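Structure first, commentary second.
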Amino acid sequence: MVWIKLGILLIGFTQAGLLPNSIKKVLVHVDLDLKKQTLSFLSNKDLYGDAFVKGYKRLLFATALLTYSFFWLLSIHYNLGEHTKLMQYIDLCFASLASLAFVPHNLKPYSLKSLRPLLQRLIHNLLSVVVFLSLTALIVTFQVTILPKAKFLGISGLVLIGVTLLSVVISMLKNGINGASELLFINGIRLWTILVTIVTFLS
């Protein structure tokens, strides 16, 4: 059990810092309007070149692996393996994040004359929605599942993720889906991950 907790501690803090810190560093060097553009623009080869596409791909794939490992260790620690829906969401979240890493963004106009860019853009947008929904479902399902076993973490985690989702929805209703709303979601997930990591390690 000690090794499981150490694994959760290491992976939890790595995951909490990897994506937000990487995006923060990138935004210093690129001209990305967070009010009008999404973070997916960073994977657009025509806008930022091959280097950013490769970096985006590695970052998302690493995030997918860390997310899978984090929840897998949490499921062992809290004995959640029998909860089929939770385990399915873990797999779905990993699959959608990993797939998104290999489907870059493009701004090619929708046209049947250029089928490949059309499909790539549609798949990218669809995967982005699946990532948001599956990660949200995974976290909420985890919180509800552990509530009988760990009331403090169950309640505090639900409150934190609830506030995050409410903030993101309000932001999207006001300004649409943009980089600012995505950062709200990412930073909310970061705080949630830190909370779960600390409480689990100390329990």
Worksheet entry | Unit charges on C-beta of K, R, D, E only; dipole of the range 96-203, Debye | 240 debye
Discussion item. When a/c reaches 1.5 or more, the comparison of a/b and b/c decides; with that in mind, is the range 2-116 rounded, prolate or oblate per its Cα gyration tensor?
Written reply: oblate
Worksheet item: By how many degrees, between 0 and 90 and to the nearest 10, does the Cα long axis of helix 151-175 differ from the longest principal axis of the chain?
Response: 20 degrees
Worksheet item: What relative contact order, as a whole-number percentage, does the chain give when Cα pairs under 8 Å and 6 or more residues apart are counted?
Response: 30 percent
Practice prompt. Evaluate the distance, in nm, between pseudo-label points positioned 7 Å from the Cα of Asp91 and of Leu107 along their respective Cα→Cβ axes.
Written response: 3.9 nm
Worksheet item: Roughly what angle does helix 45-77 make with the longest principal axis of the chain, taking Cα atoms, 0 to 90 degrees, to the nearest 10?
Response: 20 degrees
Worksheet item: Which whole-number percent of Cα pairs in the chain have a distance greater than 29 Å?
Response: 26 percent
Worksheet, complete the sentence: In whole percent, the fraction of accessible protein surface over the chain that belongs to carbon or sulfur atoms, probe radius 1.4 Å, stands at 69 percent
Item to complete: Please give every one of the lysines within straight-line cross-link reach of Lys45, meaning a C-alpha to C-alpha distance under 27 Å, and leave out same-chain neighbours fewer than 8 residues apart.
Response: Lys24, Lys25, Lys35, Lys36, Lys54, Lys57, Lys108, Lys113
Practice prompt. Give the angle, between 0 and 90 degrees and rounded to the nearest 10, that separates the Cα long axis of helix 179-202 from the longest principal axis of the Cα atoms of the chain.
Written response: 20 degrees
Discussion item. Using only DSSP helix segments of four residues or longer, with each worth -39500 (n - 2.57), what per-residue ellipticity at 222 nm results for the chain after dividing by its residue count and rounding to 500?
Written reply: -28000 deg cm²/dmol
Item to complete: Consider a paramagnetic label point 7 Å from the Cα of Lys5 along Cα→Cβ; state which residues of the range 137-167 have an amide N under 17 Å from it.
Response: 150-153
Discussion item. Placing unit charges on C-beta atoms (Lys and Arg positive, Asp and Glu negative, everything else neutral), compute the dipole magnitude of the chain about its Cα centre in debye, rounded to 20.
Written reply: 260 debye
Practice prompt. Of the options Thr193, Ile139, Ala62, report the single residue whose Cα projects farthest towards the positive end of the charge dipole of the chain (beta-carbon charges: Lys, Arg +1; Asp, Glu -1).
Written response: Ala62
Response to the item:
Per residue, accessible area of the range 62-140 with a 1.4 Å probe, heavy atoms of protein chains only, in Å², comes to 53 Å²
Discussion item. For a distance above 13 Å, tell me the whole-number percent of Cα pairs in the range 44-86 that qualify.
Written reply: 64 percent
Fill in: In order through the range 28-37: 3J(HN,Hα) via Karplus (6.51 cos²θ - 1.76 cosθ + 1.60), integer Hz, x for Gly, Pro
5, 9, 10, 9, 10, 7, 5, 7, 10, 10
Fill in: Added length on full extension, which subtracts the Cα-Cα distance from 0.36 nm per residue, Leu27 to Ser203
59.7 nm
Worksheet item: Shape call for the range 99-180 from the C-alpha gyration tensor, a ≥ b ≥ c root eigenvalues: rounded (a/c under 1.5), prolate (a/b greater than b/c) or oblate?
Response: prolate
Practice prompt. Along Cα→Cβ, 7 Å out, is where each label goes; now give me the distance between the ones at Ile155 and Lys174 in nm to one decimal.
Written response: 3.0 nm
Discussion item. Quick check: pseudo-label points 7 Å beyond the Cα along Cα→Cβ at Arg116 and Leu65, how many nm apart are they?
Written reply: 2.8 nm
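The values are calculated or read from the model by the stated rules, or taken from the named source; none is laboratory data. Because the structure is a prediction, the values reported are computed rather than measured. Methodologically, a virtual Cβ is constructed for each residue, glycine included, from the backbone with ideal geometry; neighbour enumeration extends over all protein chains shown. Each accessible area value is taken on the protein alone, full model and side chains, heavy atoms only, with ligands, DNA and RNA left out. Shrake-Rupley method; radii C 1.70, N 1.55, O 1.52, S 1.80 Å.
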